[in-house]
Structures are given as C-alpha cells and as structure tokens.
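Data block below; observations after.
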Amino acid sequence: MTRIALLTTALIAGLTTSSALAQTVIYTFSGTGSGDVAGQTFVRTDYTITLVGDISNREMNLPGVMRVVVDSATISIDGLLDEATFTPTLNVASNMNTDVLVLGNFDTNLALFVLDDPGFADYNLSAPFGPVTDGTPLATDQFLDIATSGGAVSMQSIVDVTFTATPTPGAVATLALAGVLASRRRR
C-alpha cells in the first residue's frame, strides 16, 4: 500500500468515526409570526428556529414516520430575542405517508407547526433539503408558552415558513472525500 493510500485511509477513518462531524444536520425554520415573548408582544415579525440533530439518532416511530430528537434548538425573533434555547426537548419528524414535516415535542404530543409539501413524501431527515416554503402551516394553535432561556414564547399567527436542512461542513467534507476516492478507485 502506498503512503498516499495509507494517509487517505487514516483520514477517512478519522472523519467517519466522528459522529459529530459526519452525521450532524442543521434544520432551519424561518418565517413571520405574531405573538409574545415573556409578555412582550410582537406583530408580523421575522423569526428563525434552528435545530441541530445527529442523524444517527433517527427513529422510525411508525411505518413511514421518521423523527430526530435534536441535540439543541434555538429561536431568534428580530428585534426582540437574539438567540434563546428551547428548554423542552424538540423533535423534527417527517411523515412520508402524508407529505408533512412536523416541529414539536412528540413525547408530549405537541406540534408547534406542521408543514405540508409533496417533497416530504420521501424525505428521511438525513440529507440536504429545501428550501421549501409553506405559506399557511398547520397546527400553529399549539405554539403557546413554550419555555426558552429568554422566557416563554407564544405565537398566535405563523405564516410563510421556509424549511431547509443542511449537513454540517464535516459531513459534506466526508461525503466529498468518499466521492473522490471512489472515482480514483474506478480508474
């Protein structure tokens, strides 16, 4: 085995054994909402909810329903809340039977909102996805007094939610390196 092959093998082994680098996906929901944070009202204000999950923690709850219990979840609301961490555990789930994606806490049967798009029919939460926008998400009436490090957040109105899923740079680098090596092996 050549020195380059040994170095390449060591590099791949190092990258693929680090689950934090190889299997982390950032799920982002951004949109416009109205509600309150710790008693401060906001109206038609942009927000972003960011979740970071290790896809090795994916679970198939029911046939066609995949979920990820995320490692962290934060919310930012323009001009009101910089970045607050959700204190209940949140999940993101794809119901491939009904073409929906759900943000919520499934241990307590809480859906913060539900996005509906045909693209979710085969989305298993592990790959890049989006952006997909749902102008009128479902189940928004349950986004009430959700605990965060910046106070309880409620949203009575949620519109124009855009979802994206992005593997972390370490995951992308691992996939790119695997592709390069596979192409070299074919020669």
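Filtering the stretch 101-126 to residues that are in a loop (DSSP other than H, G, I, E, B) and touching a strand residue (DSSP E or B) at 6+ places or on another chain (Cβ under 7 Å) leaves Phe106, Asp117, Tyr123, Asn124, Leu125, Ser126. Scan the stretch 152-168 and give yes if some residue there is at pLDDT below 90 and farther than 17 Å from Ser34 by Cβ, otherwise no. Yes, the stretch 152-168 contains at least one residue that is at pLDDT below 90 and farther than 17 Å from Ser34 by Cβ.
Filter the stretch 109-118 for residues that are surrounded by fewer than 14 Cβ atoms within 10 Å (Cβ to Cβ) and either modelled with pLDDT of 95 or more or over 15 Å from Leu62 (Cβ atoms) (or both) and give the result.
Across the stretch 109-118, the qualifying residue is only Pro118.
Taken together, the residues in the stretch 20-58 that are of a type outside the set (A, V, I, L, M, F, W, C), out of contact with any helix residue (DSSP H, G or I) (no Cβ under 9 Å at 6 or more places or on another chain) and closer than 15 Å to Ala127 by Cα amount to 5. May I ask you to verify whether Ser94 is within 21 Å of Thr108 (Cβ to Cβ) and touching a Leu at 6+ places or on another chain (Cβ under 6 Å)? The answer is yes for Ser94. What are the pairs with Cβ atoms under 7 angstrom where one residue, in the stretch 112-130, is within 15 Å of Thr166 (Cβ to Cβ) and the other, located anywhere, is among the aromatic types (Phe, Trp, Tyr) and modelled with pLDDT under 95? Sequence gap at least six, or different chains. Matching pairs, first to second residue: Phe129/Tyr123. From the residues in the stretch 60-86 that are surrounded by 12 or more Cβ atoms within 10 Å (Cβ to Cβ), farther than 16 Å from Ser149 by Cβ and among the aliphatic types (A, V, I, L, M), which one is modelled with the lowest pLDDT? Selected residue: Val69. Close contacts from the stretch 72-98, counting a first residue that is without any contact (Cβ under 8 Å) to a residue 60 or more places away in the chain and a second that is assigned to a strand (DSSP E or B) and of a type in the set (Lys, Arg), with Cβ to Cβ under 9 Å and a gap of 6+ residues or different chains, come to Asn91/Arg67; Ala93/Arg67; Ser94/Arg67.
With respect to Thr28, is the statement that it is under 13 Å from the mean Cα position of the chain (by Cα), in a strand (DSSP E or B) and at pLDDT 95 or above true?
Yes, satisfied.
Among the residues making up the stretch 59-96, those that are more than 11 Å from Leu125 (Cα to Cα) and not in a strand (DSSP E or B) are Pro63, Gly64, Val70, Asp71, Asp78, Gly79, Leu80, Thr87, Pro88, Thr89, Leu90.
The values are calculated or read from the model by the stated rules, or taken from the named source; none is laboratory data. Since the structure is predicted, the reported quantities are computational estimates derived from the model, not experimental observations. Using ideal geometry, Cβ is built from the backbone for each residue, glycine included, and neighbour counts are taken over all protein chains shown.
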